[in-house]
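Q: This is the structure I want to talk about, given as structure tokens.
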Amino acid sequence: MDGTFPIGARAVDSDVTFLAIDPSTDAKIEPAFAVSSEEDVAEACKLAEAAFDTFRETDPETRAKFLETIADEIEAIHEPLVARAIQESGLPRPRLEGERGRTTGQLRLFAKHLRAGTWASVIIDEAQPDRKPAPRADLRQRRIAVGPVAVFGASNFPLAFSVAGGDTASALAAGCPVVVKGHPAHPGTSVMVGKAIQAAVAKCGLPEGVFSLVQGPANELGAALVKDARIKAVGFTGSRGGGLALVALAAARAEPIPVYAEMSSVNPVILFPAALAARGEALGKAYVGSLTMGSGQFCTNPGIVVAVDGPDLDTFVEAAAAALGEAAPQVMLTPGIHASYDKGVAALAGHDAVETLARGTEAEGANRGRAALFSTTGKAFVADPALSHEVFGAASIIVRCADLAEVRQVLEQVEGQLTITLQIDEGDYADAATLVPVLERKAGRILANGWPTGVEVAPAMVHGGPFPATSDPRTTSVGTAAIERFLRPVCYQDLPDALLPKAVKHDNPLGLPRTEG
Ligand SMILES: NC(=O)C1=CN([C@@H]2O[C@H](COP(=O)(O)OP(=O)(O)OC[C@H]3O[C@@H](n4cnc5c(N)ncnc54)[C@H](O)[C@@H]3O)[C@@H](O)[C@H]2O)C=CC1
Ligand SMILES: O=C(O)CCC(=O)C(=O)O
């Protein structure tokens, strides 16, 4: 691997470089990677703009084959890619093997979606020349790509939410050229995937500006990308502060643009009485499994458990505390993420109204995250909004409520969420039904008798939700519906067939499904 990064068809080098850090040892890892300059950002955006009109009008089949070629190119480097991602993220091999599969599976799912054609949302309202009192014009609607998209790779999914992750796959599927700002924690992984996409662009004979990658440790680089007038939308997964900074930058542009930022979520789990009575112990163990997976570094991590207090909740708490007490510390993604986790845990541990129930085992070594389990009362939780803020990592708080009304108060208190989980048995359905309207207001996904971590990549998935889970609750960043973020409708009124794009021509040459008005 060399230290260059792909801008269009070129491999760009620089005298200014940075190194990745192996979080398991804090050691720097070779090779040094070129730091992108603001000129590189401008060049990537210029090429993206130049590619836009050609790329967005490629047939769906061409883009489907392109996405499949990217998947093939990534599969071809599977072993070195996974090895590098392990070094740069500290995540274990099975997790990264799975994530590689999810990444290529996602690209292929978008290829299938492109071929199905529903994404173009073609609506034809035929002319009604004889309509009284006035004739109706011929109206034809389709959706086109919004323009070049900036994508910010996430630290916690170096493959599936990074350079060729969901945001890139959905933007390319829509016909938008993409400029990725790689996450500085995994530059080698980013460059390998970036070059795989670059190779796919060349193999498919597409304009070079369809894809570029810029990277470096400074936030200013990402800011320059968002401020570039040629960028028309932004996809981001990361911290609340980072997401909000990008939203502010995008809103302050001469031409404001949408930012689809997935930020922070504590994913409440509600334990209902019948479920608790039937399987409190098993639930306690399963909860700790979901909480500690990947050192808790999931935005879907169950950070809050809410239940009515009583002996059945005690059973759950005892089982959870015992399981968590045996949880081995795991390497966290970066020294910064580890430090911020320790700070968040210390703040909870030092809170007057919070009891520390258990900590995971201690271990030697850099950046090890020690799991933490806390409890508080419904009253204390409602009194202090800070208790409902995300601590990114394997920390969670159990909220003991006096009754169902207090459970409702707690849920009303929490901010917008990616997920809310119900542990319910049949005897709980009546109580749960009264809460459903609250849950719908609060979350993008409501699930029963499962755990929120591990998002299925599927057409019906919603990985989104009200602020601060995301900056725009109308969409999803996972699943085929994610393409909608990067499309906009255009209506063609009375245009002669010769001028109409293929998607809405009278004889429907692309065979796209149509709604007739
Ligand atoms: N909820 C979630 O899904 C996730 C939350 N996090 C949270 O984020 C914290 C830091 O982790 P990171 O992954 O590094 O997230 P981050 O938000 O600090 O950085 C993500 C990306 O955004 C860029 N960025 C951040 N602030 C910016 C600004 N003001 N202007 C321009 N670009 C900016 C960074 O350079 C990086 O490329 C974690 O401790 C955790 O609290 C991290 C990953 C996922
Ligand atoms: O749980 C998952 O599979 C996805 C989580 C996620 O989107 C994130 O942590 O950023």
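Q: Restricting the stretch 212-268 to residues that are in contact with a Cys (Cβ under 8 Å, 6 or more places away or on another chain) and acidic (Asp, Glu), which is farthest from ligand 1 (Cβ to nearest atom)?
A: Looking at residues that are in contact with a Cys (Cβ under 8 Å, 6 or more places away or on another chain) and acidic (Asp, Glu), I get 228.
Q: Taking the condition polar (S, T, N, Q) and within 14 Å of ligand 2 (Cβ to nearest atom), does residue 170 pass?
A: It is true that residue 170 is polar (S, T, N, Q) and within 14 Å of ligand 2 (Cβ to nearest atom).
Q: From the list 131, 108, 140, 136, exactly one residue is without any contact (Cβ under 8 Å) to a residue 40 or more places away in the chain and in contact with an Asp or Glu (Cβ under 9 Å, 6 or more places away or on another chain). Which is it?
A: Among 131, 108, 140, 136, only 136 is without any contact (Cβ under 8 Å) to a residue 40 or more places away in the chain and in contact with an Asp or Glu (Cβ under 9 Å, 6 or more places away or on another chain).
Q: Something else about it: Can you say whether residue 161 is at pLDDT 95 or above, within 16 Å of ligand 2 (Cβ to nearest atom) and over 18 Å from residue 250 (Cβ atoms), as far as the supplied structure shows? Can you show your working first?
A: Details: at pLDDT 95 or above: yes; within 16 Å of ligand 2 (Cβ to nearest atom): yes; over 18 Å from residue 250 (Cβ atoms): yes.
Judged against the criteria, residue 161 is a match.
Q: So, one more: Anything in the stretch 79-94 that is of a type outside the set (A, V, I, L, M) and out of contact with any Ser or Thr (no Cβ under 9 Å at 6 or more places or on another chain)? List them, or say none. First the steps, then the outcome.
A: Of the stretch 79-94, the ones of a type outside the set (A, V, I, L, M) are 79-80, 84, 87-90, 92-94.
The answer is 79, 80, 92, 93, 94.
Q: What's the total number of residues in the stretch 362-420 that are assigned to a loop (DSSP other than H, G, I, E, B), over 20 Å from residue 342 (Cβ atoms) and within 27 Å of the chain's Cα centre (by Cα)?
A: Going through the stretch 362-420 one residue at a time, the tally reaches 3.
Q: Out of all the residues in the stretch 435-443, is one or more within 16 Å of ligand 1 (Cβ to nearest atom), under 20 Å from residue 291 (Cα atoms) and in contact (Cβ under 8 Å) with a residue 12 or more places away in the chain?
A: Among the residues of the stretch 435-443, at least one is within 16 Å of ligand 1 (Cβ to nearest atom), under 20 Å from residue 291 (Cα atoms) and in contact (Cβ under 8 Å) with a residue 12 or more places away in the chain, which makes the answer yes.
Q: Identify, from the list 474, 485, 445, the residue that is touching a strand residue (DSSP E or B) at 6+ places or on another chain (Cβ under 7 Å), more than 25 Å from residue 396 (Cβ to Cβ), among the charged types (D, E, K, R) and at pLDDT 95 or above. Spell out the reasoning first.
A: Values: 474 fails: touching a strand residue (DSSP E or B) at 6+ places or on another chain (Cβ under 7 Å); 445 fails: more than 25 Å from residue 396 (Cβ to Cβ).
One residue alone meets the criteria, 485.
Q: Would you mind telling me which numbered condition in (1) under 18 Å from the mean Cα position of the chain (by Cα); (2) buried (at least 21 other Cβ atoms within 10 Å of the Cβ); (3) within 16 Å of ligand 2 (Cβ to nearest atom) residue 269 fails?
A: Only one criterion in (1) under 18 Å from the mean Cα position of the chain (by Cα); (2) buried (at least 21 other Cβ atoms within 10 Å of the Cβ); (3) within 16 Å of ligand 2 (Cβ to nearest atom) is unmet by residue 269, namely (1).
Q: Could you give me the residue pairs with C-beta distances under 7 Å whose first residue belongs to the stretch 482-497 and is part of a strand (DSSP E or B), whose second residue is hydroxyl-bearing (Ser, Thr, Tyr) and exposed (fewer than 14 other Cβ atoms within 10 Å of the Cβ) wherever it lies, and which are 6+ apart or on separate chains?
A: none
Q: Would you please list the contacts, defined by Cβ atoms under 7 Å and residues six or more apart or on different chains, that run from a residue in the stretch 323-348 that is closer than 22 Å to residue 85 by Cα and β-branched (Val, Ile, Thr) to a residue that is open to solvent by less than 60 Å² (accessible area, probe 1.4 Å) and more than 14 Å from ligand 1 (Cβ to nearest atom)?
A: Filtered contacts from the stretch 323-348: 331/24.
Q: Somewhere in the stretch 424-445, is a residue open to solvent by less than 60 Å² (accessible area, probe 1.4 Å) and part of a loop (DSSP other than H, G, I, E, B)?
A: Looking for residues that are open to solvent by less than 60 Å² (accessible area, probe 1.4 Å) and part of a loop (DSSP other than H, G, I, E, B), one finds at least one in the stretch 424-445, hence yes.
Q: If you take just the strands (runs of 3 or more DSSP E) that sit entirely in the stretch 251-330, which of them hold at least 3 residues that are within 19 Å of residue 378 (Cα to Cα)?
A: Once the strands (runs of 3 or more DSSP E) in the stretch 251-330 are filtered for at least 3 residues that are within 19 Å of residue 378 (Cα to Cα), what remains is 269-271, 304-308.
Q: Cβ-Cβ distance below 7 Å, separation of 6 or more or different chains: which pairs start in the stretch 351-369 with a residue that is open to solvent by less than 60 Å² (accessible area, probe 1.4 Å) and end on one that is part of a loop (DSSP other than H, G, I, E, B) and of a type in the set (Phe, Trp, Tyr)?
A: Within 7 Å, no pair qualifies.
Q: Take the stretch 180-211 and flag every residue that is open to solvent by 20 Å² or more (accessible area, probe 1.4 Å), more than 9 Å from ligand 1 (Cβ to nearest atom) and either assigned to a loop (DSSP other than H, G, I, E, B) or not small (Gly, Ala, Ser) (or both).
A: Of everything in the stretch 180-211, those that are open to solvent by 20 Å² or more (accessible area, probe 1.4 Å), more than 9 Å from ligand 1 (Cβ to nearest atom) and either assigned to a loop (DSSP other than H, G, I, E, B) or not small (Gly, Ala, Ser) (or both) turn out to be 192, 195, 198, 203, 204, 205, 206, 207, 208.
Q: Limited to the stretch 135-158, what total is found for residues that are away from ligand 2 (no atom under 15 Å from the Cβ) and either closer than 23 Å to residue 52 by Cα or not small (Gly, Ala, Ser) (or both)?
A: Looking only at that region, the number is 15.
Q: Here's a follow-up. Which of the residues spanning the stretch 305-334 are within 16 Å of ligand 2 (Cβ to nearest atom) and open to solvent by less than 10 Å² (accessible area, probe 1.4 Å)?
A: 332, 333
Q: Output the residues belonging to the stretch 269-296 that are within 16 Å of ligand 1 (Cβ to nearest atom) and in contact with a Gly (Cβ under 6 Å, 6 or more places away or on another chain).
A: 295, 296
Q: Taking the criterion of being away from ligand 1 (no atom under 16 Å from the Cβ) and either of a type in the set (S, T, N, Q) or at pLDDT below 95 (or both), would at least one residue in the stretch 333-342 satisfy it?
A: Checked against the condition, which is being away from ligand 1 (no atom under 16 Å from the Cβ) and either of a type in the set (S, T, N, Q) or at pLDDT below 95 (or both), the stretch 333-342 yields no hits at all.
Q: Which residue out of 85, 71, 111 is within 16 Å of ligand 2 (Cβ to nearest atom), crowded, with 21+ Cβ neighbours inside 10 Å and part of a helix (DSSP H, G or I)?
A: Values: 71 fails: within 16 Å of ligand 2 (Cβ to nearest atom); 111 fails: within 16 Å of ligand 2 (Cβ to nearest atom).
From the options 85, 71, 111, the qualifying one is 85.
Q: Same structure again: Filter the stretch 446-473 down to the residues that are open to solvent by less than 40 Å² (accessible area, probe 1.4 Å) and part of a strand (DSSP E or B), then identify the one that is farthest from residue 413 (Cα to Cα).
A: 447
The values are calculated or read from the model by the stated rules, or taken from the named source; none is laboratory data. The model shown is predicted, which means the values in this text are computed figures rather than measured ones. Backbone-built Cβ (ideal geometry, glycine too); neighbour counts: all protein chains shown. Quick note on the areas: whole protein, heavy atoms, side chains included, nothing else; ligands and nucleic acids left out. Shrake-Rupley method; radii C 1.70, N 1.55, O 1.52, S 1.80 Å.
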